[in-house]
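The values are calculated or read from the model by the stated rules, or taken from the named source; none is laboratory data. For clarity, every value in this text was computed on a predicted model and none was experimentally measured. Here Cβ is always computed from backbone atoms with ideal geometry, including for glycine, and neighbour counts include all displayed protein chains. The protein model used for the area step is the full one, side chains on, heavy atoms only, and it has no ligands, DNA or RNA in it. Shrake-Rupley method; radii C 1.70, N 1.55, O 1.52, S 1.80 Å.
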Amino acid sequence: MNHSSTLAAPALDLSNCVLDERLVVLQRDILALVATLNDYEHHLSELCLAAEEMLPNAVASIMLYDEEVEGLTVRCAPSIPEIAVEQLNGLAPGPQAGSCGTAVYCKSPVYVENTGNDIRWANLKQFALDFNILACWSQPIIMANGDVVGSFALSSFEKRAPNDFQKALLSVCAHLSGIVLYREQMEKRLWNQAHYDLLTKLPNRALLSQRLDHAIDKSQRTDYKIAVLFIDVDNFKMINDSYGHNVGDEVLCKIAETMKACVRDEDTVARTGGDEFVVLIEEIDKPMDAGKIAQKIIHHARDIKHFDNNHVTLSIGISLYPDDAGSVDRLLRNADTAMYAAKALGKNNCYFYKRELTEAIQQQTTIGNELRHALNNNELTLYFQPIYDKLGQKIESAEALIRWNHPQKGLQMPTDFIPVAEEIGLINEISEWVLFNACAMAKKWLEQGIDFKQIAINLSAADIARNCFDKVDQALRVTGLPAQKLALEITETMLMKENAAAVKELTKIRELGVTIALDDFGTGYSSLHQLRRLPIDKLKIDRSFIMELPDNQDDVNLTRLIISMGKSLSLKVVAEGVETEQQRQFLDDENCDQLQGYFFSKPLAEDAFLQLLAGERL
């Protein structure tokens, strides 16, 4: 069976049929619909219904061959129940595939007058019984080039053989179905030629403009931004001149596939001409998200090689709606302008239309590269902030906090680099470094006879989402630190956003004996009911509620409420950000379990922290 992707208009052969006035009218009416409207589903449905009027107590159906499933699927069957359609879909043509499957297989009409005893229905007997199909006649839809594309069938609720008129009806309907399908494919082909690039099969400039218009309309109803990335292949003329247009075309196709793999299905990758592409990214939260996508495309494009193992590089300009422009033309022009600025910087680069965004992403890239270097060259270190008992007299635990000993800038705080690490996907590696090093140092202290209750570290949302239990379990086993000596802190807001899988992950960690603390409590609006369901042992009151104690009555009331909630659930309550004696005294009076803040000690390097512990023991 030939399944050419190109249909040819069918020719009608009724040399052995009687063509009466009813069939002439049917042809005229359907052809009139085809000539005036392009609602092809409607045309096929009208054809089926007209055939049913001429054959009472029967239903009509059109099935088409689908190469992907290697079987027939129902294209139109207005009077057949959906459940029957579902059972018919995927019917493989063959000598015993009912009337339709056999007709397509044999390329000739099949007239089954009794489905109960016809061998061609042997595999569909239950279907015939379930839907009372007693007879079924099917005509293959054959195009002028000989391709069989499907079948037109009349299924009867009574046993009967077709007369000459009914055979003619079947043949005419199959012929008209072919005309409708041919017209539909021709229209699709013309539309594709007008809207898609023939080489890369990507949308062209015309379709891109339509999608940009739609994206702008959508953006005006939401708070999201749109990003337009104008992309030019660096030195593409040299590729064409040196290796020929066939190699150039191959490179363009590979670039197209690479860019599609770097964006979401709902985004648009278009080829606007020559070696120029445009990527439309919808629903951008932050401008830097567009920069991340541009860098991702640049990075993966370098994996594309042509002759002599030369790598492909790209220059990308970025413009944003509504920040940089309010129209399609202006967005494209501004992105084009930014692309030339990227080339002026040395190519293989991206540039925002607004210079400050380019500087920000360049700074992000620099920090990201330096962070990767820092991870591999022992530039990261841990500081420890003591956590005291409620009287503020005895150190019970410590929170491990990361710092970066930058070779040029000196000691860097987490706010200087953690946001970048989250943006570039490096946060998991940094968190894993903190986890293993904090556990190793705590284990060393225990071996040195230094007693403490726990070492606490912070978890990010990305940590929870990526096999957090396995990493914690491994860190404890590798370092030998008892699980009871480790506490993990996760922010209230983050835990409220996470799904049941995150709660399950934390529950498994808690079952190891690790303490789970809910950090920054009071900012995520947790209810008492929600707290009861969470696998937590501690509440850490957010510092914003401590800052104005005891003078701010609202903070007084909220702090008392949080402590009361914690006590009612048998949770330890920790106040962080304590900076004055008045705050300490208030929290002591309210029976807060532990205190942390600059009033007692700032975060300390390991040696200074151990000296503090040693001094306390004297």
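When Ala261 is tested against the conditions (1) open to solvent by 10 Å² or more (accessible area, probe 1.4 Å); (2) out of contact with any His (no Cβ under 6 Å at 6 or more places or on another chain); (3) more than 21 Å from Asn349 (Cβ to Cβ); (4) small (Gly, Ala, Ser), the lone failure is (3).
When restricted to residues that are without any contact (Cβ under 8 Å) to a residue 40 or more places away in the chain and open to solvent by 60 Å² or more (accessible area, probe 1.4 Å), region 337-353 contains 5. Restricting region 240-287 to residues that are assigned to a strand (DSSP E or B) and of a type in the set (Ser, Thr, Tyr), the residue that is nearest to the chain's Cα centre (by Cα) is Thr268.
Residues that are assigned to a strand (DSSP E or B), loosely packed, with under 15 Cβ neighbours inside 10 Å and modelled with pLDDT under 90 occur in region 293-316; there is at least one. Inside region 547-584, residues that are within 21 Å of Ala398 (Cβ to Cβ), open to solvent by less than 80 Å² (accessible area, probe 1.4 Å) and touching an Asp or Glu at 6+ places or on another chain (Cβ under 7 Å) make up a count of 3. Of the residues making up region 350-398, those that are more than 30 Å from Ala487 (Cβ to Cβ) and out of contact with any strand residue (DSSP E or B) (no Cβ under 6 Å at 6 or more places or on another chain) number 15. Could you check, for region 175-187, whether at least one of its residues is in contact with a Cys (Cβ under 9 Å, 6 or more places away or on another chain) and surrounded by 13 or more Cβ atoms within 10 Å (Cβ to Cβ)? So far as region 175-187 goes, yes, one or more of its residues are in contact with a Cys (Cβ under 9 Å, 6 or more places away or on another chain) and surrounded by 13 or more Cβ atoms within 10 Å (Cβ to Cβ). Exactly one residue out of Tyr65, Tyr40, Tyr111 is in contact (Cβ under 8 Å) with a residue 24 or more places away in the chain and open to solvent by less than 30 Å² (accessible area, probe 1.4 Å), and it is Tyr40. The number of residues in region 371-421 being under 17 Å from Ser460 (Cα atoms), part of a strand (DSSP E or B) and of a type in the set (D, E, K, R) comes to 2.
Answer yes or no: is there a residue in region 14-23 that is open to solvent by 30 Å² or more (accessible area, probe 1.4 Å), among the β-branched types (Val, Ile, Thr), out of contact with any Cys (no Cβ under 9 Å at 6 or more places or on another chain) and modelled with pLDDT of 75 or more. No, that holds for no residue. If only residues of region 586-618 that are open to solvent by 70 Å² or more (accessible area, probe 1.4 Å) and in a helix (DSSP H, G or I) are counted, the one that is modelled with the lowest pLDDT is Arg617.
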